[in-house]
Amino acid sequence: MQGRCGDYGAWQWDNRMRLTVLGCAGSFPGPDSPCSAYLVEADGFRLLVDFGSGALSTLQRYVGLHAVDAILLTHLHCDHILDAASYIVVRRYAPDGPYPALPVYAPSGAPDRLSAAYGQTDTTIDDVYQFYGLQPGTFPIGPFSVTVDRVNHPIETYGVRLEHEGRVLCYSSDTAPCEALLRLAQDADVFLCEASYLDGVDNPPDLHLTGREAGEAATKAGVGRLLLTHLVVAWGSEAHTLDSATAAFPGPLEVVRPGASYDI
Ligand SMILES: [Zn+2]
Ligand SMILES: [Zn+2]
């Protein structure tokens, strides 16, 4: 499960999942990263989880412009969805296109939100995206068994548990501490968890996690490895976040970077 950059082409398909970080900046794009976007692959199927601002750039850099078979949007904050609006152009107007409608699993307001962000509210975008509304539960997407549940964030937001061939990846999305997050992360091999806040300051409740809270959730859930994401670079301190997470979680952990890949 070593993080690796730039060796995508050398990877041989096997029964493992591969997570590639396309963007990990929290709340708004950072100087070195787009907003949240994570490509998860297995059996040649590519699921893009969140598609935040700037991630269309790194999708091309690290994977490929059309290297997406389905999209899951965990919630409709702009730092998790905006490049799904830009991607309408890619699918609809490609010289070798248009491409067939792509399955998009998202909260119920997604079609209107993406249409508005794209600037098209008079006609449908159903030619580009086939939408499936998220509800708490377990369902298949390609080779993955996907479990989603509502987490603790101001709008309808889903944490995600992806399982494939006995391996488990959990992604927190954006959340404050909650029981649903612990259930989703239970015994996960890899826990990709947000750590937006710094400890020791007066953080708003019911919005995000600190590094310490991410570490505590990882310990309670018994995960194998913790990957910290969604740090707000301009306002935070990566060293502080790492220290506070390390104090709360005894296992391996790191802060993710765009282009990093993990075999799970
Ligand atoms: Zn966010
Ligand atoms: Zn959010």
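The values are calculated or read from the model by the stated rules, or taken from the named source; none is laboratory data. What you see is a predicted model, and the numbers here were worked out from it, not measured in a lab. Here the Cβ is made from the backbone with ideal geometry for all residues, glycine too, and neighbour counts use every protein chain on show.
Across the stretch 162-171, the qualifying residues are those that are surrounded by fewer than 22 Cβ atoms within 10 Å (Cβ to Cβ) and in contact (Cβ under 8 Å) with a residue 24 or more places away in the chain, and the one among them that is farthest from ligand 1 (Cβ to nearest atom) is GLU165.
Mind telling me which of the residues ASP174, ASP149 ends up being within 16 Å of ligand 1 (Cβ to nearest atom) and among the acidic types (Asp, Glu)?
ASP174
Would you mention how many residues in the stretch 159-193 are assigned to a strand (DSSP E or B) and over 24 Å from ARG16 (Cβ atoms)? Going through the stretch 159-193 one residue at a time, the tally reaches 1. Can you tell me which of SER196, SER172 is touching a Cys at 6+ places or on another chain (Cβ under 7 Å), modelled with pLDDT of 95 or more and polar (S, T, N, Q)? Just one listed residue meets the conditions, SER172. Of the residues contained in the stretch 245-259, none is found to be in a strand (DSSP E or B), small (Gly, Ala, Ser), within 20 Å of TYR62 (Cβ to Cβ) and away from ligand 2 (no atom under 16 Å from the Cβ).
The residues of the stretch 74-99 that are farther than 22 Å from TYR38 by Cα, touching a helix residue (DSSP H, G or I) at 6+ places or on another chain (Cβ under 9 Å) and either within 16 Å of ligand 1 (Cβ to nearest atom) or free of Cβ contacts under 8 Å to residues at least 12 places away in the same chain (or both) amount to a single one, GLY97.
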